[in-house]
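The values are calculated or read from the model by the stated rules, or taken from the named source; none is laboratory data. In this text the structure is predicted, and so the values were computed from the model without any measurement. With ideal geometry, Cβ positions are generated from the backbone for all residues, glycine too; neighbour counts draw on all protein chains shown. SASA here: full protein model, heavy atoms, side chains in, ligands and nucleic acids out. Shrake-Rupley method; radii C 1.70, N 1.55, O 1.52, S 1.80 Å.
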Number of protein chains: 2
Amino acid sequence: MLKADFPVENSDPRAAIADFFANLHLGEISTRTLDSLGAQGRLLHARKGEDIPLHAGHDTVAFICEGATKLIATASRQREQIVAFHFRGDLVSIPQSGEHAYSMKALRDSGAVLFAAEAFLKIARDDPGLLEAMLIRTQTALYRCRDKAVALGKKSAQERMASFLMIMAERIGTREGGGCLLDLPMSRRDIGDSLGLTIETVSRQIGELRELGLAETDGRSRIFLPDLKTLSIYTGHV
Amino acid sequence: MLKADFPVENSDPRAAIADFFANLHLGEISTRTLDSLGAQGRLLHARKGEDIPLHAGHDTVAFICEGATKLIATASRQREQIVAFHFRGDLVSIPQSGEHAYSMKALRDSGAVLFAAEAFLKIARDDPGLLEAMLIRTQTALYRCRDKAVALGKKSAQERMASFLMIMAERIGTREGGGCLLDLPMSRRDIGDSLGLTIETVSRQIGELRELGLAETDGRSRIFLPDLKTLSIYTGHV
DNA sequence: TTCGTTCTTTGACCCAGATCAATGATCGTG
DNA sequence: CACGATCATTGATCTGGGTCAAAGAACGAA
């Protein structure tokens, strides 16, 4: 099991990769491709809060095998925009150079397989299925990022909060009675840094949704959404 | 010539596609792939301000052959977030269904070849080079979108304006003396809808940059940036 | 060139959400 | 299970950029 014995810094990634593909509907994977990926990938585990070190000097491709992570773009000291959250089964690509510096941190104990993007692409070049899977995943990431841009550019604090909860409900929620139960791995600060808001505003917006009967909180991380239908009205979509 | 006789709604896209690949360093393209693309693609021209109709009911892939376009996500009536600007040589993928409705408009007289994403992918599946080109382009779009998310989430109006000008300088600017000359195809409203600001704020920020000696305007569209180095300090990056 | 329309600039004022400041809840640890 | 540290909530106040309003430029058409 991936989570068995932290901290593990390096072991054979082949099994993790096979698992990743087998469980996550990324389609068939040939033994040859698996061997190549196993040889190039670096499996590593990070405890909650720890940094997941990216390939220095190279673009990185990461498979998230287990846990939950945040991808952070640092605009300048003390201004960190969370660009995406990732969960089990997500595939992330991170540029080395560009406008901003990126880093990745574990929100829970997490496992990931990292590749230098170049090496990964070299393998994918010989396996159209892998290349296509990668393309589809990248498109999904792009579409999500565009949605985030709309939220950050055009939505009120309440709309952002409602959208965030709806997205999380879809990605990691569990149906519970008529509603949806969330166990959020990220802090209020993380939510704020993702939505372009402060922790205080996040807290106030959750408070308002609570008063509207659309969210029930339990501790720091559990949120129950009794009525997704009504909540969706508050997202500011058409 | 693409711009010869507007409005042209449909003609053989094969030549346009060949041109697109030949001029824009998308690598080699086989005759077979070109034939397939030619058979599936819809070449269309749009005058300044016109809508570029996307495939209804399908995800769309678009090659921008000529001109300049904006990709708009509509959150709700009267709230349009411009998700990206595209120029000659850009490759755009647009989802049909998702959180928001997307549309594409020409900022100048423009030519584009459109594909139903499914049909395009089917062709690309037999041409790993094309698939890889598509992947690279999609990654570029993702990286740009993340930069936009950082701007929208964490930057002040002035920083967004400076970043915008720097990005445009890189994409469509022409070096002129020690500085850079821009002929922006988009209106102040477009800039505002792209940066999450109002036209008034955009105008005021340009005014401030003018007073700082970092921008000289001439008419609505021409902006000369005499000192990119200093301007970059105002972008809010590290 | 002139006219009319549309786009841009500038000014006055306002508000959503940031900032500052406590207080209260939660949870990991010994 | 009690302590300390971190995280979340709530309240008071401030401000960057939005909104409203009115000139003033720029461009297209005739």
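Under the condition of being among the aromatic types (Phe, Trp, Tyr) and part of a helix (DSSP H, G or I), which residue from the range A:112-163 is least open to solvent (accessible area, probe 1.4 Å)?
Kept after step one, since they are among the aromatic types (Phe, Trp, Tyr), are these residues of the range A:112-163: A:115, A:120, A:143.
Going one step further and asking which of them are part of a helix (DSSP H, G or I), we end up with A:120, A:143.
On the way: A:PHE120: 3, A:TYR143: 40 Å².
Checking each candidate, the answer is A:PHE120.
Conditions tested, residue by residue: (1) away from DNA strand C (no atom under 16 Å from the Cβ); (2) in contact (Cβ under 8 Å) with a residue 40 or more places away in the chain; (3) on the phi > 0 side of the Ramachandran plot.
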residue: B:ALA133; (1), (2), (3): yes, yes, no
residue: B:ARG137; (1), (2), (3): yes, yes, no
residue: B:TYR143; (1), (2), (3): yes, no, no
residue: B:LYS154; (1), (2), (3): no, yes, no
residue: B:LEU165; (1), (2), (3): no, yes, no
residue: B:THR174; (1), (2), (3): yes, no, no
residue: B:ARG188; (1), (2), (3): no, no, no
residue: B:GLN205; (1), (2), (3): no, yes, no
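To keep it simple, each residue is scored yes or no on (1) in contact with a Ser or Thr (Cβ under 7 Å, 6 or more places away or on another chain); (2) modelled with pLDDT of 95 or more; (3) not hydrophobic (A, V, I, L, M, F, W, C).
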| residue | (1), (2), (3) |
| --- | --- |
| B:GLY129 | no, no, yes |
| B:ALA151 | yes, yes, no |
| B:SER156 | no, yes, yes |
| B:ASP193 | no, yes, yes |
Between a residue in the range A:21-34 that is in the same structural domain as A:LEU91 (by TED's automatic domain parsing) and on the phi < 0 side of the Ramachandran plot and any residue that is among the β-branched types (Val, Ile, Thr) and modelled with pLDDT of 75 or more, which pairs come within a Cβ distance under 6 Å, given they are 6 or more apart or on different chains?
A:PHE21/A:ILE29
Of those in the range A:203-218 that are more than 8 Å from DNA strand D (Cβ to nearest atom) and open to solvent by 50 Å² or more (accessible area, probe 1.4 Å), the residue nearest to A:GLY179 (Cα to Cα) is A:GLU216
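This table checks each residue for (1) basic (Lys, Arg); (2) within 9 Å of chain B (Cβ to nearest Cβ).
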position	(1), (2)
A:HIS100	no, yes
A:MET104	no, no
A:ALA112	no, no
A:GLU118	no, no
A:LYS122	yes, no
A:PRO128	no, yes
A:ILE136	no, yes
A:ASP147	no, yes
A:ALA157	no, no
Step by step: first the residues of the range B:192-202, then only those that are more than 12 Å from chain A (Cβ to nearest Cβ) and touching a residue at least 24 places away in the same chain (Cβ under 8 Å), then the one that is surrounded by the fewest Cβ atoms within 10 Å (Cβ to Cβ). Which residue is that?
B:THR201
Residue hits (the range B:225-238; open to solvent by 50 Å² or more (accessible area, probe 1.4 Å) and more than 14 Å from chain A (Cβ to nearest Cβ)) are B:ASP227, B:LYS229
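Determine if the range A:142-159 includes at least one residue that is hydroxyl-bearing (Ser, Thr, Tyr), under 25 Å from A:ALA16 (Cα atoms) and assigned by TED's automatic domain parsing to the domain that holds A:ASP51. Let's see the steps before the verdict.
Just the residues of the range A:142-159 that are hydroxyl-bearing (Ser, Thr, Tyr), to begin with: A:143, A:156.
When the remaining residues are screened for being under 25 Å from A:ALA16 (Cα atoms), the result is none.
Looking for residues that are hydroxyl-bearing (Ser, Thr, Tyr), under 25 Å from A:ALA16 (Cα atoms) and assigned by TED's automatic domain parsing to the domain that holds A:ASP51, one finds none in the range A:142-159, hence no.
For the range A:190-201, check the following and say yes or no: at least one residue is more than 14 Å from DNA strand C (Cβ to nearest atom), β-branched (Val, Ile, Thr), more than 22 Å from the chain's Cα centre (by Cα) and farther than 30 Å from B:GLU132 by Cα.
As a first pass, look at the range A:190-201 and keep what is more than 14 Å from DNA strand C (Cβ to nearest atom): A:190.
Now narrow it down to the ones that are β-branched (Val, Ile, Thr): none.
The answer is no, given that none of the residues of the range A:190-201 is more than 14 Å from DNA strand C (Cβ to nearest atom), β-branched (Val, Ile, Thr), more than 22 Å from the chain's Cα centre (by Cα) and farther than 30 Å from B:GLU132 by Cα.
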